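Read the structure below first, then the notes.
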Amino acid sequence: MAIITISRGCFSHGKEIAEKTAEMLGYKIMSREILLDAAQFFHISEKEVLKSIHDAPTILERLTHGKEKYLLYIQAALLQHVKNDNVVYHGHAGHVLLPDISTIFKVRIIADTDERIKFLKQTKNFSSDKARTFIEEEDKQRSRWTQYIYNLDINDPKLYDMVLKVGKLSIQDACDIICAAVRTHTYQTTDEAMKTLEDIALSSYIKVAIQKVCQAEVSSIGGNIHIKTHCPKIKKSSYTSTKMQHDTQEKLMGNLSKEISDIVHTIDGVKEVIIDILPPSYSC
Amino acid sequence: MTPEMILTMTVLAFVIFLFVFEWLRVDVVGIMMMVLLPLIGVITPKEAFVGLSSNAVCSIIAVIIIGAGLDKTGVMNQVARPIIKLAGKSEKRIIILISSTVGIISSMMQNIGAAALFLPAAQRISKRIGVPTSRILMPMGFCAIIGGTITLIGASPTILLNDLMVLGGNKLEPFGLFTQTPIGICLLFSAILYFSFFGKFVLPEAGGEADKGVTASLIEEYRALDTMYELHIPAQWEKSKSLEDLGIRTKFLLTIIAINVSDKKEKIFVPRSVNVLSANDDIVVVGKEKNVLMLAEEFGWQVKEGLDVFAESLSRTNAGMAETIVSPRSELIGKTMSSVNFKEFYDVNPIALFKGNKIFYGGLTHVKLQMGDTLLLQGPWEKFHMLRNRPQKTLTFSSALEGEIMRPQKASLAVTWLLIALAQIIFLKIQLSVALMSGALGMIVTGVLSIDEAYQSVDWMTVFLLAGLIPLGIAFEKTGTAAFIAHGILGLIGHPPPIILLAVIGILTSFFTLVISNVGATVLLVPLCMNMAVIAGGDPRMAALVVGLSASNTFVLPTHQVNALIMRPGGYRTVDYARAGAIMTVLFLFVELSILYLFYGI
């Protein structure tokens, strides 16, 4: 009983392996539905959501943190889905969006570049050069994305519990190996792991729920929520006495706290909420 | 290009970079300029610190102290009260009265203070007459910002102008306090008209959460309390009994917090059990509504609609409730309130006592107090502040204290010193900084506020920002860099007529103010625009004025402190500021330039 995330390079047969493994274990398979959820939530197209977690961010997006809001939601939706256990997820970024806890088994599937070119030539009718450029560009985008958002190297084996190279190893062999690993004692679901996952899912959901109001660090222990955030900067166009500045800061912190509290208390599973807010800094 | 010009341009580029990315706070950038410019030899060490003794800095310090003095004496509350009463029930009238008053107040005082003063009343009125709060608050907030353009000392960028108006080493004729007033008044008027007629199209129909205040929040927490009720004892009630004999607290679980003794024309704010109630007296009680009605029925007293005789003295700004905890090692531990003569020594009314899991509303003065017991007290804010400042920390305050120690008896002195300062400026043509500082000094000498309170009120961030950036403006002009860039720009775009040039300057300043500090934008643009105006055959002083005024064109920013303050109470979203603010920005520029063109001879 576990949650398996399959991270894959393009055209490395990851999808087939994920589907077959899910079938062998009798697990639910998930990929696109998370993106559909996110698209519905933000009232944007699925294509736009896909772009946000596929393409490396532009300079403008880095400045405005334009992609992070989608990612937050995708992470929250993914956690909501996988917290019920027995899931194989082969969508984007499962290896970084899901926490590193015992019940989650993270697998990376890679394939020999020549094999991938051959596959692309066969399926898409590309020339060798075009296929090579396409694969290199695709790998680069995915790698830059993880590097920017999480400061992690997608090719670092330390990110995964297992890395399998398809080629000499057949798809069926890869599935067998994954199934065997999942059945070991290490990946069996424990109450403690499920509680941790539920807390992470809840805090991730809260993060999304309050993101219109503020960017926050959220943690949950058994439904007791701790939110750390800061008030946005405020600008003054004229002089303001020290007392008035202090009063305004207090008022804005109070307003933000109430706004967060109103949202969070409507979420299922929330017990107590502690909110730490850094006062807004002034500029003029 | 001289080496000094290259150095100045490098520093300018560095400053703009810091302003945009805000790696350092703007005032720290200012202090950096005071040090960096003399170090690289662009200006002399004496010039580097000239900002600290500038007209702008001295004026700003004096204005803040004068404002603090007016606050301390409650003058502004007295101005606000009749305006609020006059507002009546018409939406347009409320917008016109409140917004224009806020605008006029912020022409001399801090804009956030003016907005905060009217915020609770505006929320209350909108609720009472059923107009969405959002229709009233944004006009009020925008007028607070515009109010800064009515006088030279209303906003930091215009205060700065006289110190920056130097061309070719010659100081230009300075602006007077009211030089810009016609423009400011027209801007205020146009904003009020805009919201009166188009408010319903650009503003959302939202009602944010009203700021209830500490007292109302505390009352909500205690189930046996509803609010304060004022009762009148009719003439036919001839009993004249003491509170102890009437047993109001024990019988009805009500606390009498104030008595208006009609015979002596005296108000008692901490009634004791020996105080006597007679016919024609008024009392204020705290407790459950049904208990109040029972009391009124039993004694034949009349319950008034809201506070009447005590409306002023028990208003939110003067009195309220505070939750306190008996501190460790408190002298109250092991004693009852009656045994320590609590009311006598603490001068506040105990309303409830939270002990263990029980809340006492009656007989609480006879309960032995222990460390950690919670006492809900009511009284004038001033008394709470004095209690908190006592060296023996008998009680620890667990709720915020809203008011502060006020000196209403000094109100006339505060107004007199403001008028003396203004009279010096208007009739004797004395320099702004000297006249204003004399007003501030007068307030301190006559005890309107202490020198420590004056020091504490000063906005040191703005002081150092101005003091630090003035040398940058000097270097920009003195080294000829401003003239060089101005020539370069006009060489590229040709020589437009002055009004077109001023329009471009206005748009540029409005844009820069959104991206960087408004004071920073003023310091960078004034020398540059004055030089451009001279080359284009325009008046450099008018170019400086356009920059100074346009630096207040910050309506689309939800981060502006006034907009941030009204955001939640008004139920606004960022997009509401963008929509209503964008139109206001265009209107601001149009009115400003039209008045300059028509009446200022450009």
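The values are calculated or read from the model by the stated rules, or taken from the named source; none is laboratory data. Keep in mind that what you see is a predicted model, and the values were worked out from it rather than measured. Cβ sites come from the backbone with ideal geometry, for glycine too, and all protein chains shown count toward neighbours. Accessible surface areas use protein heavy atoms only, side chains included; no ligands, DNA or RNA. Shrake-Rupley method; radii C 1.70, N 1.55, O 1.52, S 1.80 Å.
Structure above, values below:
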{"item": "Using a Förster distance of 25 Å, the FRET efficiency for residue B:39-residue A:233 (Cβ separation, nearest 0.05)", "result": "0.25"}
{"item": "Mean separation of Cα contacts under 8 Å (6+ apart) over length of chain A, as relative contact order %", "result": "22"}
{"item": "For the protein assembly as shown, size of Cβ-based charge dipole, Lys and Arg +1, Asp and Glu -1, in debye", "result": "600"}
{"item": "Degrees, to the nearest 10: B:518-535 long Cα axis against longest axis of chain B", "result": "30"}
{"item": "Residue B:450 paired with residue B:289, simple spin-label distance in nm, labels 7 Å along Cα-to-beta-carbon", "result": "4.5"}
{"item": "For the stretch A:174-249 and the stretch B:64-101, distance of Cα centres in Å", "result": "44"}
{"item": "Helix B:134-147 vs. chain B, principal-axis angle (Cα, 0 to 90°, nearest 10)", "result": "50"}
{"item": "Which of B:192, B:8, B:160, positive extreme of dipole for chain B (C-beta unit charges)", "result": "B:192"}
{"item": "Where labels lie 7 Å past Cα in the beta-carbon direction, separation of residue A:186 and residue B:251 in nm", "result": "8.1"}
{"item": "Nearest 10 degrees, 0 to 90: helix A:128-150 Cα axis against chain A principal axis", "result": "30"}
{"item": "Relative contact order (%) - chain B, alpha-carbon pairs under 8 angstrom, separation at least six", "result": "21"}
{"item": "Per principal axis, descending, Cα span of the stretch B:319-397 in whole Å", "result": "29, 24, 21"}
{"item": "Karplus-derived 3J(HN,Hα), 6.51/-1.76/1.60, for each residue of the stretch B:333-348, Hz, glycine and proline x", "result": "4, x, 10, 9, 5, 5, 5, 9, 6, 3, 4, 5, 7, 9, 6, 9"}
{"item": "Student exercise, the stretch B:213-303 dipole from Lys, Arg, Asp, Glu Cβ charges, in Debye to nearest 20", "result": "200"}
{"item": "Translational D in µm²/s for chain A (Stokes-Einstein at 37 °C, 0.692 mPa s, Kirkwood Rh from C-alpha pairs)", "result": "156"}
{"item": "Hydrodynamic radius (Kirkwood) for the protein assembly as shown, which is based on Cα pairs only, to one decimal in Å", "result": "32.1"}
{"item": "Separation of alpha-carbon centers, the stretch B:134-207 and the stretch B:247-281, rounded to whole Å", "result": "50"}
{"item": "With at most 10 other Cβ atoms within 10 Å, longest stretch of chain B clear of loop chymotrypsin sites (Phe, Trp or Tyr not before Pro) (DSSP)", "result": "B:24-426"}
{"item": "For the stretch B:304-361 and the stretch B:431-488, distance of Cα centres in Å", "result": "45"}
{"item": "Chain B: calculated mean residue ellipticity at 222 nm from DSSP helix runs of at least 4, using -39500 (n - 2.57)", "result": "-18000 deg cm²/dmol"}
{"item": "Cα centre as origin, Lys/Arg/Asp/Glu Cβ charges: the stretch B:80-143 dipole, Debye", "result": "320"}
{"item": "Selection from A:218, B:550, B:231 lying farthest towards where the dipole of the protein assembly as shown points positive, charges on Cβ", "result": "B:231"}
{"item": "Coarse-grained scattering of the stretch B:284-337 at q = 0.23 Å⁻¹, given as base-10 log I(q)/I(0) from a Debye sum over alpha-carbon atoms", "result": "-0.93"}
{"item": "Simple label model, 7 Å out from Cα along Cβ direction - residue B:335 to residue B:599, nm", "result": "6.6"}
{"item": "Under-5 Å amide H pairs with residue B:241, H placed in peptide plane, nonlocal only", "result": "B:277"}
{"item": "Charge dipole (chain A, unit charges on Cβ, about Cα centre) - positive-most of A:239, A:175, A:133", "result": "A:239"}
{"item": "Average other protein chain Cβ within 10 Å of Cβ, residues B:561-570", "result": "5"}
{"item": "Solvent-accessible ranking of B:53, A:237, B:438, B:338, largest area first, probe 1.4 Å", "result": "B:53, B:338, B:438, A:237"}
{"item": "Loop sites in the stretch B:407-507: trypsin sites (Lys or Arg not before Pro), DSSP, at most 15 other Cβ within 10 Å", "result": "B:429"}
{"item": "Kirkwood-Stokes translational diffusion coefficient of chain B, alpha-carbon pairs, 10 °C, 1.306 mPa s, µm²/s", "result": "59"}
{"item": "Debye intensity ratio in log₁₀ form over the Cα atoms of the stretch A:210-283, taken at each q of 0.13, 0.14, 0.21 Å⁻¹", "result": "-0.43, -0.49, -0.88"}
{"item": "Accessible surface of residue B:452 - all protein chains present, 1.4 Å probe, nearest 10 Å²", "result": "90"}
